[in-house]
Amino acid sequence: MITVEGNAKINLTLDILGKRPDGYHEVAMVMQSINLHDTLTLSKIPSGIELTLDVPGLEADERNLAWRAARLLLDGESVKGGVRIALTKRIPIAAGLAGGSADAAAVLRGVNALYELGLTEAELCAYGAKLGSDIPFTIVGGTMLATGRGEVLEALDPVPPFWVVLAKPKISVSTAWAYKHYDEQGAEQHPDNAAIIQAIAKRDRAGIASLLCNVLERVTIKQYPVIAQYKEWMMEKGALASMMSGSGPTVFGLFSAEEEARRAAAFLEEQTDAELFVCQTAGANCDTIHKR
Ligand SMILES: C[C@@](CO)(OP(=O)(O)O)[C@H](O)COP(=O)(O)OP(=O)(O)OC[C@H]1O[C@@H](n2ccc(N)nc2=O)[C@H](O)[C@@H]1O
Ligand SMILES: Nc1ncnc2c1ncn2[C@@H]1O[C@H](COP(=O)(O)OP(=O)(O)O)[C@@H](O)[C@H]1O
């Protein structure tokens, strides 16, 4: 039996450079893992895929990214055997935190270990990219510049550690919807990725905080103005910076101290009906598989 944790992510930046012939958007984003995670327990079965889940509202069949990742890898590597997956979900769904991608990534890493397939991280990423643009990042984790449609990764220096407060309003945003509306609305301001990469290398927390920028934020805020209010509250309560993650609607705040982060989360919990999490930035995934 193998237990794998799939970490969520936040986007420190998200830029859209244009639309591609395949319908996807060319992006340039600084992605950061956080230690809010789903937990997946994998064990061998003679054949097929058995998935169990501990939350309502998510299918436990071939529509689930965890299931699809298992099928893809078992078939792709001609594995004689199947897998039972027990998924404990903590990452909110359709929240801009790549929860589904994190589950798929954990299954790819877990099946590779369970069946001793010996695939490299790059080979797992190639499988992951077939299922979703964010999956390669969730396989590798840490701090990365993601380009292409999000699947081309360049490792950056790890960020200096931050406490992260996540506020997920009771709204779900579809990624495809956000990109489509971006095409109609465009951006007022683009991130300066070169500058934030330099600030990360210098471990300059204030610099990093001042350079957060996500071109999808305006699109989602237009539809759900409450996101702007959440950002204001994060800042009032001492965040170094606050922004929407990915296509939203989750708002994150970066804090230097745990106490401040917990105070801000408690305030937002009182003021709103959002789901609140206090977590931390996380490093690369390499050693998060536990064998029993
Ligand atoms: C916006 C981001 C930022 O990290 O994250 P989320 O908000 O989903 O977490 C990602 O680009 C999301 O990646 P992911 O969720 O894996 O997207 P995919 O499954 O590959 O694509 C879903 C849909 O989003 C659109 N899409 C996605 C990625 C991209 N570079 N261009 C696109 O236009 C396409 O309409 C596609 O059909
Ligand atoms: N294991 C999974 N966890 C979450 N969502 C999943 C999963 N499998 C499939 N999905 C589908 O993927 C969509 C995007 O989910 P998610 O990855 O949580 O959001 P986001 O792309 O905003 O980060 C959901 O609407 C859901 O229907």
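What the table below lists for this structure:
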quantity	calculated
Subset of segment 86-131 (residues that are near ligand 1 (Cβ under 10 Å from one of its atoms) and on the phi > 0 side of the Ramachandran plot)	A94, G96, A98
Failed condition for G186, given (1) out of contact with any Asp or Glu (no Cβ under 9 Å at 6 or more places or on another chain); (2) surrounded by 15 or more Cβ atoms within 10 Å (Cβ to Cβ); (3) on the phi > 0 side of the Ramachandran plot; (4) not aliphatic (A, V, I, L, M)	(2)
Elements of type strands (runs of 3 or more DSSP E) in segment 1-100, at least 1 residues being of a type in the set (K, R)	2-11, 13-19, 25-45, 82-88
Test result for V27, closer than 30 Å to L254 by Cα, modelled with pLDDT of 95 or more, more than 9 Å from ligand 2 (Cβ to nearest atom) and in contact with a Leu (Cβ under 8 Å, 6 or more places away or on another chain)	yes
Sole exception among (1) part of a loop (DSSP other than H, G, I, E, B); (2) over 15 Å from N35 (Cβ atoms) for C286, by number	(2)
Single residue of segment 250-259 satisfying the filter (more than 9 Å from A167 (Cβ to Cβ) and touching a residue at least 40 places away in the same chain (Cβ under 8 Å)) that is nearest to ligand 1 (Cβ to nearest atom)	L254
Criterion: of a type outside the set (D, E), within 15 Å of ligand 2 (Cβ to nearest atom) and more than 26 Å from A86 (Cβ to Cβ) - qualifying residue of G132, G110, G150	G150
Residue that is buried (at least 21 other Cβ atoms within 10 Å of the Cβ) and either in the same structural domain as D134 (by TED's automatic domain parsing) or in a helix (DSSP H, G or I) (or both), where the choices are I196, I221	I196
K89 without any contact (Cβ under 8 Å) to a residue 60 or more places away in the chain, crowded, with 19+ Cβ neighbours inside 10 Å and of a type outside the set (G, A, S)	yes
Residue within segment 157-176 that is modelled with pLDDT under 95 and surrounded by 17 or more Cβ atoms within 10 Å (Cβ to Cβ) present	yes
All positions within segment 4-56 that are crowded, with 18+ Cβ neighbours inside 10 Å, among the charged types (D, E, K, R) and either away from ligand 1 (no atom under 16 Å from the Cβ) or more than 20 Å from R68 (Cβ to Cβ) (or both)	E5, D15
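A quick yes/no check of all residues on (1) away from ligand 2 (no atom under 11 Å from the Cβ); (2) without any contact (Cβ under 8 Å) to a residue 12 or more places away in the chain; (3) surrounded by fewer than 20 Cβ atoms within 10 Å (Cβ to Cβ); (4) of a type in the set (S, T, N, Q):
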residue: D61; (1), (2), (3), (4): no, yes, yes, no
residue: R71; (1), (2), (3), (4): yes, no, yes, no
residue: L74; (1), (2), (3), (4): yes, no, no, no
residue: V83; (1), (2), (3), (4): yes, no, no, no
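The values are calculated or read from the model by the stated rules, or taken from the named source; none is laboratory data. Source: prediction; values computed, not measured. Using ideal geometry, Cβ is built from the backbone for each residue, glycine included, and neighbour counts are taken over all protein chains shown.
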